[in-house]
Every structure is written in C-alpha cells, then in structure tokens.
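The values are calculated or read from the model by the stated rules, or taken from the named source; none is laboratory data. Just so it is clear, the structure is predicted and the values come from calculations on it, not from any experiment. Because the Cβ atoms are built from the backbone with ideal geometry, glycine has one as well, and the counts that use them run over all protein chains shown. Surface areas here come from the heavy atoms of the whole protein model, side chains and all, with no ligands, DNA or RNA. Shrake-Rupley method; radii C 1.70, N 1.55, O 1.52, S 1.80 Å.
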Amino acid sequence: MLTLTASEEVTVKLAGGAEIDLAPPSPRIVAAGRQASRRALDDDADLSGAMAMVAFSEGVLRAAILRWRGIGGADGEALDCTSATVALALRDIGIFDALDAGYVIPMMARETEKNVSAASSAGTSKRATAGKDIAGSAAATKPKPKRKRTATSRKTAPAKGAPRPQAAKR
C-alpha cells in the first residue's frame, strides 16, 4: 500500500554553521531537475551520464532552495538568497556536495522506495514460500548420460566459398 505523508521543508547544515532551507520534495522540483538534465544533454550530445546527473541535481536545487543563513560574499557581508547567488553557491563544491547528499539523494531514494511493488503472495518471498516444498537445485539432480557423437550427428561447415547443401524435402 502506498502511504501518503505530508512533506516538510528540509534544512541542510553546512560547514561553518551555515544552513540552507529547501522546499519539500515535489513533482515540480523533480521536473525541474529532469528539464535541466535534458537541456544539458541537448547542449552537449557527448555529455557523460555523471555530468547529466550533476545537471539534474543543480536543477533540483535551483528549484528547491528557499532561503539560507550564514552565507556571505568575499567581503564578509551576508548574501541574499537570489537566483544569481544560488547559482554562485552551487558552483562551490562543498555546498553542492552537502546539498546533493542532504536533499537530492535522499529525495530520489524515497521516490525509488515508493515505486517498488509489494511482494507477490504467489512469489518467492519468505511469506509466500513458508511451509511450501521448494524444488531442489538443478545441480543436485542426477545428470543425464551424454550421447556419443557419430559421423552423421556431427555437423561440419562447408568449405569457404562452397555452396551450402539444400535441406532434404519431406
């Protein structure tokens, strides 16, 4: 059974005490990631899978970041959370990795869990097979004796360039 739960904002804590608040995961946010990945692949047909995943994460994060605390510019002044400063922050490896690990990866893991079907009652789960006889391994059965090859049972390839013999008509 699929259980619906209300999502809440996610806060990712960064080194130095900074925090970034992100919107609850939603189809809109996943779609933004897919669109960013598709756009990156359209721009560079030779883009690797890893770089397409980075583009996906960037798209998700651009759509999800709501606000932050403790992030400043080179002059030490606090930066407002705008699309331009979000783009700048996502170029920082430490910030990107923390957000990817703290938001994108867990979000996609939850989505994967939701898409898994329940065990089939007629399948191979412990519950389905409890108390039932299960066939033994094929390796444990007695092997059949091999037939001896005879001249007529052996197929040989015709010589290179030679015409192939026609099959006998019945």
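Round to the nearest 0.05 the FRET efficiency obtained for T11 and R38 when R0 = 25 Å and r is the Cβ-Cβ distance. Don't skip to the answer; put the middle values down first.
On the way: r = 29 Å, r/R0 = 1.17.
Approximately 0.30, to the nearest 0.05.
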- Note on the structure: A chain fully extended from E19 to D97 at 0.36 nm per residue, minus the present Cα-Cα distance, gains in nm 26.7 nm
- Item | Residues whose placed amide H lies under 5 Å from that of I65, excluding near-sequence neighbours | A23
- Query: Once the Cβ-Cβ distance between S83 and S26 is put in as r, and R0 is 22 Å, what FRET efficiency do you end up with, to the nearest 0.05?
  - Reply: 0.75
- Note on the structure: note: segment 1-74, Cα-Cα separations exceeding 16 Å make up a percent value of 60
- Please sort 38-48, 22-32, 82-92 by packing, taking for each peptide the average over its residues of neighbouring beta carbons within 10 angstrom, highest first. 22-32, 82-92, 38-48
- Message: If R₀ is 22 angstrom, what is the calculated FRET efficiency for the pair A52 and R110, using the beta carbon separation as r and rounding to 0.05?
- Response: 0.55
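Accessible area per residue, 1.4 Å probe, Å², for segment 7-85: what's the number? Each step should come with its number before you reach the end.
Numbers: 4800 Å² over 79 residues.
Ligands and nucleic acids excluded, the result is 61 Å² per residue.
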